[in-house]
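Step one of this worksheet: look at the structure below.
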Amino acid sequence: MSNILFDFDFIILRILQICEFSDPNDLRPLLTVKQKFRKLNENTAIVTKPRINNQISAPQVRVIGSAGENFGVMTREKALALARPEAGLDLIEIVPSANPPVVRIMSFDKFRYEREKAEKKERQAQKGATLKQVQISARAARNDLLIRLRQLEKFLGEGHPVEIQMRLRGREKGNKAWAAQKLDEFLKMITIEHKLLSSPKFGGRGMVVQIMKK
């Protein structure tokens with residue numbers, strides 16, 4: 001079975017738009033199929049084959065050598081001249097979204113092996129990780145924040161994603177700029193390098209943001 005992520009939310013939306021269903025019971029077969037494919041997606045990796053050698057179409061690229069050296073930006077033709085496919089050195093587009101795209105000179109077989117190994121390691125880490133929650137108050141004293149910070153960093157160190165819930169009371173809920181600043185100040189206290197899984201948003205009793213270790 002090919003590794004494809006099925007976006008059934010989009011597909012069902014399009015079917016609704018085209019067929020104009022009015023009876024909710026008409027949707028049951030679609031929702032059953034969606035649930036089956038959602039389970040499939042959870043156990044399926046998204047595999048996208050990068051462009052290599054002549055498949056690369058960008059007029060200019062940033063080239064990384066086989067030993068990690070930075071050759072800088074050059075034309076596609078000059079970059080292709082550096083590759084030696086017959087000797088096992090391909091030109092591989094590793095960051096197509098960059099401007100210009102980033103390419104690397106290395107064996108495609110080695111690149112594929114390293115990527116599959118990294119993806120497998122990431123999937124194993126995600127299976128053992130559970131979302132942890134840390135609650136703070138917008139007006140909490142520094143000592144209280146430090147206690148929560150130690151708890152949060154313990155979770156991050158163990159590989160768990162963490163949801164930070166900042167409680168707001170009364171008029172604090174109406175001062176969104178102040179609340180966002182308080183949450184940002186707490187995020188800056190975190191010493192472990194991390195990334196946002198979701199943008200900070202208001203809801204319920206305050207603000208919520210999810211982070212995980214890089």
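Every number in this text was worked out from the coordinates using simple rules, so none of it is lab data. Fair warning: this is a prediction, and the values are worked out from it, not measured in the lab. As a convention, Cβ positions derive from the backbone with ideal geometry for all residues, glycine included, and neighbour counts pool all protein chains shown.
Observations on the structure shown:
- Overall form of the range 41-189 per C-alpha gyration tensor (a/c, 1.5; a/b vs b/c): prolate
- Net lengthening on full extension, ALA98/LYS214 (0.36 nm per residue, minus Cα-Cα): 39.8 nm
- Pairs of Cα atoms nearer than 8 Å and 6+ residues apart set the relative contact order; for the range 132-213 it is 36 percent.
- A DSSP coil position with no more than 13 other Cβ atoms inside 10 Å describes the following trypsin sites (Lys or Arg not before Pro) in the range 145-193: ARG169.
- Net length gained if the chain between ARG115 and ALA180 were fully extended (0.36 nm per residue, minus Cα distance): 19.7 nm
- Beta bridges per DSSP with both ends in the range 53-112, % antiparallel, nearest 5: 80 percent
- Placing a pseudo-label 7 Å from each Cα along the Cα-to-Cβ vector at ARG167 and SER66 gives an inter-label distance of 6.1 nm.
- Given +1 at the Cβ of Lys and Arg, -1 at the Cβ of Asp and Glu and no other charges, the dipole of the range 100-184 around its Cα centre is 280 debye to the nearest 20.
- Assuming charge only on the beta carbon of Lys and Arg (+1) and of Asp and Glu (-1), the dipole of the range 156-212 about its Cα centre is about 440 debye to the nearest 20.
- Options ASN175, LEU82, ILE211, ranked by Cα towards positive dipole end of the range 80-214, top entry (Cβ charges): ASN175
- In the structure shown, the pairs LYS49/LYS154; LYS188/LYS214; LYS121/LYS195 are assessed against 25 Å; a Cα-Cα span above that value is assigned to LYS49/LYS154.
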